[in-house]
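Below is one structure; the comments refer to it alone.
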Amino acid sequence: MFRLPLAALIALLSLQAAADPAQLRKIAHDYYQWRDTAYPVATSGAGDHRFDTRLTDYKMSEVLLRRQHLSDMLKELDALDTSGWSKDDRVDRILFQSQLAGADFFGRKLDPESSDPQLYVNECTNSIFSLLQKEYAPHRARALAATVRLERMPALLRTGRTNLTRPVKLYATLAIQAARGGDDLYTASLMTLADDLSPSERTRLVKARDSAIKSLHEYADWLDAGLTKMPDWQPMGEASYNYLLKQVLLLPFDSHDVAHLGEVELARYRALEALLKDPRMASPDPTRAQHVPKDQAEFLAAYESRLTEIVEFLRANRLVTIPPYVGLFQIRQLPEAFKPTAPGGFMNPPGLYDKDPGGFFFIPTYNPLSGNFYIRAAIEDPRPILGHEGIPGHFLQISIANHLENEIRRQHGDTVFAEGWALYGEEMLAREGLYPRDSAAEGQVLRLSRYRAARIGVDVNLHTGRWSFEQAVQYFMEGGGLDREAAEGEAAGAASSPSQKISYITGKWQIMRLLGRYRDSEGAGFRLGAFHDKLISYGTLPLSVVEWLMFDDESSVRQALK
């Protein structure tokens, strides 16, 4: 009787057991569909408006079902045999696994439903904000959707009270500020959509709005009454933080590596500030500006207009290709509800599902006498921040990522790549000659990198338990050169969003490393703009994965996952 050699039999069985990469893509597609249904407010914010009348169901029974579903998907993914898969297929499996690991970590591990009162305030705020962001539908349609969401908010906040069995004092304090300080979103911004409502529809909207605001204030009062008995914020610990760095962010570093990087870069940028002919240029000063805007409208218009200069400079020097599908980038005022954890404002890029390619940067309320770093910087010279938030930064990069054909890569939103690219762009524009030497703009670039380096120490040392919250604030002020208002907001943001603050310098350092390697590989044919185009063509992926795709070198990914 004929018998296969043992080695051939093993090889045959291995081929039979190997999964089809199409199975991975089906699992991923099904997951995205499930997630978008389960979290309707986030889906609205991403530009898919099928669920605009819904809020996320936070009843604990539903929360536990979602966690179990994630756990089951992780097991299903682990069971896939990738023997014989191509590099691209293996990359996609690793990316999707990190996406699931991140959802599981920030849900089951951190358990925000029980510990973070901000979760429920943010759900209310974002549910309305996501309907206001863009003119995706007539006013009346969006106002009617808002009415239904408003009507559901009191029940959501009651569920929040039930779930919050161990609310953290810091998170509660931030939630109180947001709940009490966000009325304008409902009483002013939202009501701009009410112009086409019938009298009865408007009455229903106003009733729902007033009830929602009342519930938010009562929720804040309830939190305030229990504040003194709430536990202080506690770090997740080094083991969990390292898991986040490696398994979720796919970084080839642990917490000590990242902290050391922050120390090195902080020392470097403090020294570079000192080497300016006038080191005071690193601290924005509106009194040095040729013109100070008279009001908010003029401020926003002046801010937005400077982007044209950057785009013309990029094109003239062939530093990056701007695809024709890239839309308009606008500057808008930051809603008060977001001020506690985003004192400098935030970028609102084109959503993953958006048909409208436009995007926004939300900045704090204009005050020419403000001590806020971002306001002072925007008055004196907004171009460094515009380059970060707009073009060539977040707006351009995310616009390109949204057009990837590969669904798994299109869905990936690695903060280290995104923030690293935007911060890299700030210094790149300065070094390529956009600003005069020793100017306020160049000084601002150094200060921005300096305080992003300080962010690393705060994030790592807070979450590994080495520092208290007050130590973090002091470090931002002394090391980062921030005023106390900005430092407190930065520290609160670090405590609320673990690993976000390390993204900037860590990503920038990895990009600089790839740039040097790319230059050496290209030799005389090297062109900086070609590197930029190639880098951002991959999407918002971990830079360890980009290294694998760009140079066929998977050593950094292996280091992260070992």
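The values are calculated or read from the model by the stated rules, or taken from the named source; none is laboratory data. This one's a predicted model, so the numbers in the text were calculated from it and none came from an experiment. Neighbour counts are summed over all protein chains in view; Cβ atoms, including those assigned to glycine, are modelled from backbone coordinates with ideal geometry.
Go over the candidates G507, G493 one by one and state the one that is touching a Pro at 6+ places or on another chain (Cβ under 9 Å) and under 27 Å from L110 (Cβ atoms).
G493
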### Query
If you take just the helices (runs of 4 or more DSSP H) that sit entirely in the stretch 90-181, which of them hold at least 1 residues that are buried (at least 22 other Cβ atoms within 10 Å of the Cβ), among the hydrophobic types (A, V, I, L, M, F, W, C) and not assigned by TED's automatic domain parsing to the domain that holds N406?
118-132, 139-163, 169-181
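Can you find a residue in the stretch 68-75 that is without any contact (Cβ under 8 Å) to a residue 12 or more places away in the chain and of a type in the set (K, R)?
The first filter runs over the stretch 68-75 and keeps only residues without any contact (Cβ under 8 Å) to a residue 12 or more places away in the chain, leaving 68, 72, 75.
Cutting the leftovers down to of a type in the set (K, R) gives us 75.
There is at least one residue in the stretch 68-75 that is without any contact (Cβ under 8 Å) to a residue 12 or more places away in the chain and of a type in the set (K, R).
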### Query
Is there a residue being of a type in the set (A, V, I, L, M), in the same structural domain as A297 (by TED's automatic domain parsing), surrounded by fewer than 22 Cβ atoms within 10 Å (Cβ to Cβ) and closer than 22 Å to A441 by Cα anywhere in the stretch 376-389?
no
### Query
Cβ-Cβ below 7 Å, separation at least six or inter-chain, first residue in the stretch 285-310 and farther than 20 Å from F360 by Cβ and assigned by TED's automatic domain parsing to the domain that holds P384, second at pLDDT below 85 and of a type in the set (D, E, K, R): which pairs?
none
### Summary
For R90, the lone unmet condition from (1) touching a residue at least 12 places away in the same chain (Cβ under 8 Å); (2) farther than 30 Å from G358 by Cβ; (3) not hydrophobic (A, V, I, L, M, F, W, C) is (1)
### Task
Among residues belonging to the stretch 476-515 that are hydroxyl-bearing (S, T, Y) and assigned to a helix (DSSP H, G or I), point out the one that is surrounded by the fewest Cβ atoms within 10 Å (Cβ to Cβ).
S496
### Query
Looking at this structure, is S114 hydroxyl-bearing (S, T, Y) and without any contact (Cβ under 8 Å) to a residue 60 or more places away in the chain?
yes
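Within the stretch 58-77, track down each residue that is touching a helix residue (DSSP H, G or I) at 6+ places or on another chain (Cβ under 8 Å) and among the charged types (D, E, K, R). Before you say what the answer is, go through the steps one by one.
Just the residues of the stretch 58-77 that are touching a helix residue (DSSP H, G or I) at 6+ places or on another chain (Cβ under 8 Å), to begin with: 58-60, 63, 66-67, 69-71, 73-74, 76-77.
Within the stretch 58-77, K59, R66, R67, E76 qualify.
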### Task
Give just the number: which of (1) outside any helix (DSSP H, G or I); (2) modelled with pLDDT of 70 or more does L4 not satisfy?
(2)
